[in-house]
Amino acid sequence: MVAPCSNLKDMLHTYDSRIAISALSKEVGVEIRGFKLIEAIASGALSRKTAMRKSLESCMAHAGLLVFREQGFPLSGDEQVRISSLFGAGEMESTHGVHKKADNEHIFRLSNDDDEGIVGPGAEWHCDGSFTEDVFSHAGYHIVEIPENGSAGTSFSHLGVVNDLLDPKELRVLEQMATVNSNSGVLHPIVFTHPMSKRRSVFFHLAMSGAVVHVSESGQRTALSKDEMASLLNRLSDLYNHSRSALHHKYEAGDLVMIDNWAVAHRAQDGSFSRRDGLRVVHRTTVKGNYKLSAGNLSLPESLPQGKGTPPTWFPPEAVWVEGYVGFRWRPCEPKDTSGGRRSLGQVQMQTPCWDSSKQFSNPVPSRDAWTYRFARDEL
């Protein structure tokens, strides 16, 4: 367990010696049992001003996420918002639609049944709020309804570990790249330093990226082609799914998972939106970011203009430029409707960026090195 989490363990034991805290894997995630957050808030032991809150936030920054067991089944929306607002900037930032059954406007109610919640988002690795300059700092996930066999949880991947898994050549190329959000035009560096842990990390939204920009050492700007971008996203997907970086969480009744949204990416596990095993409902909260994830170090603007359907004039003709809720469709797949007939295939396809290799790409399977070759040849 990393040092900040060991310090948290000592602090929680001072509060209540019966609290159990343990690592969920060697590098990702910490589980806490016997510690009711709402009770600690009510007693005054936990607030934005206390050392306990700072210790929780520090552990989260390093381990990526904290799984608080036995928090209530379910927590009310007001309780989840109260807990979430302890962290980051201390206020909620909610950009989602509010489902009719959500009991608080800041609750994003996700389900595999559209009568019970919002169906579909989150099938690919991403960090919430990637369409904003100040990406959400933290997010909370509380299970409200668990499918009968307890399947279809949420997977998390540590962005710092992903950085460490890259070889030096890949890392040097990525340090000169930024991703363009397809829904807003906002640019974020692919490699950044976490503001609290100071760990170098890799940031990418695998479902909402409309372009990738490269800036050479001399300041020359260009953008990736379809083959290059597909190769890059396949490589990042492999790293996000790596056994060192990924943690596949299976929900228990009463779970509240709080994540540092700058330390881990996440995705809904396969089958999350299937009705086969019964109803699934998760309540998500998101906290306003208190830092800007800026590509300014690459001498790039905060965003690129959208709305005309055409890229900036300096993009080469072969470069990818996609606008809309779903970004570049980067991998071959055959979407299947697992909703039990509750959704059309068209709705399913919108949730997973896929490509038809016979139509979109010069190579049926883009080279794994396509994204590094053009830049590494000249600069490394």
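Being over 16 Å from Glu145 (Cβ atoms) and touching a strand residue (DSSP E or B) at 6+ places or on another chain (Cβ under 6 Å), is that true of even one residue in the stretch 269-276? No, every residue in the stretch 269-276 fails to be over 16 Å from Glu145 (Cβ atoms) and touching a strand residue (DSSP E or B) at 6+ places or on another chain (Cβ under 6 Å).
Pairing each residue of the stretch 321-340 that is assigned to a loop (DSSP other than H, G, I, E, B) with any residue that is of a type in the set (Phe, Trp, Tyr) and modelled with pLDDT of 90 or more, provided the two are 6+ apart or on different chains, yields C-beta distances under 6 Å for Val322/Phe328. Just one of the numbered conditions (1) on the phi < 0 side of the Ramachandran plot; (2) out of contact with any helix residue (DSSP H, G or I) (no Cβ under 9 Å at 6 or more places or on another chain); (3) not charged (D, E, K, R) is not true of Val161: (2). Thr310 meets each of the listed conditions (1) without any contact (Cβ under 8 Å) to a residue 24 or more places away in the chain; (2) within 27 Å of Lys36 (Cβ to Cβ) apart from (2). Within the stretch 303-316, the set of residues being under 23 Å from the mean Cα position of the chain (by Cα) and closer than 18 Å to Gln176 by Cβ comprises Leu304 only.
Being part of a loop (DSSP other than H, G, I, E, B) and either modelled with pLDDT under 95 or at positive phi (or both), is that true of even one residue in the stretch 262-269? Yes, because at least one residue in the stretch 262-269 is part of a loop (DSSP other than H, G, I, E, B) and either modelled with pLDDT under 95 or at positive phi (or both).
Looking only at residues in the stretch 223-243 that are out of contact with any helix residue (DSSP H, G or I) (no Cβ under 7 Å at 6 or more places or on another chain) and not in a helix (DSSP H, G or I), the one that is surrounded by the most Cβ atoms within 10 Å (Cβ to Cβ) is Ala223. Restricting attention to the stretch 273-291, the residues that are crowded, with 23+ Cβ neighbours inside 10 Å and either touching a Pro at 6+ places or on another chain (Cβ under 9 Å) or in a strand (DSSP E or B) (or both) add up to 7.
Figure legend. Inter-residue proximity from the stretch 43-64: first residues farther than 12 Å from Leu86 by Cβ, second residues of a type in the set (Gly, Ala, Ser), beta-carbon distance below 6 Å, spacing 6+ or different chains. Indicated pairs: Ala61/Ser197; Ala61/Ala263; His62/Ser197; Ala63/Gly29; Gly64/Ala263.
Pairing residues of the stretch 185-214 that are free of Cβ contacts under 8 Å to residues at least 60 places away in the same chain with residues that are surrounded by fewer than 23 Cβ atoms within 10 Å (Cβ to Cβ) and among the hydroxyl-bearing types (Ser, Thr, Tyr), at Cβ distances under 6 Å and at least 6 apart in sequence or on separate chains, gives Arg200/Thr193. For the stretch 165-184, filtering for residues that are surrounded by fewer than 19 Cβ atoms within 10 Å (Cβ to Cβ), within 24 Å of Asp134 (Cα to Cα) and without any contact (Cβ under 8 Å) to a residue 60 or more places away in the chain leaves 2.
Looking at Gly150, is it within 25 Å of Asp270 (Cβ to Cβ), small (Gly, Ala, Ser) and at pLDDT below 95? For Gly150, the condition - within 25 Å of Asp270 (Cβ to Cβ), small (Gly, Ala, Ser) and at pLDDT below 95 - is met. For the stretch 135-159, the set of residues classified as within 14 Å of the chain's Cα centre (by Cα) and surrounded by fewer than 21 Cβ atoms within 10 Å (Cβ to Cβ) consists of Ser155 only. Scanning the stretch 97-135 for residues that are farther than 20 Å from Glu145 by Cβ, out of contact with any Phe, Trp or Tyr (no Cβ under 6 Å at 6 or more places or on another chain) and in a loop (DSSP other than H, G, I, E, B) turns up Glu105, Glu124, Cys127, Ser130, Phe131, Thr132, Glu133, Asp134, Val135.
Yes or no, residue by residue, for (1) at pLDDT below 95; (2) surrounded by 17 or more Cβ atoms within 10 Å (Cβ to Cβ):
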| position | (1), (2) |
| --- | --- |
| Leu12 | no, yes |
| Glu39 | no, no |
| Glu57 | no, yes |
| Ala63 | no, yes |
| Pro74 | yes, yes |
| Glu79 | no, yes |
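The values are calculated or read from the model by the stated rules, or taken from the named source; none is laboratory data. All values reported here derive from a predicted model rather than from experimental measurement. Virtual Cβ from ideal backbone geometry, glycine too; neighbours counted across all protein chains shown.
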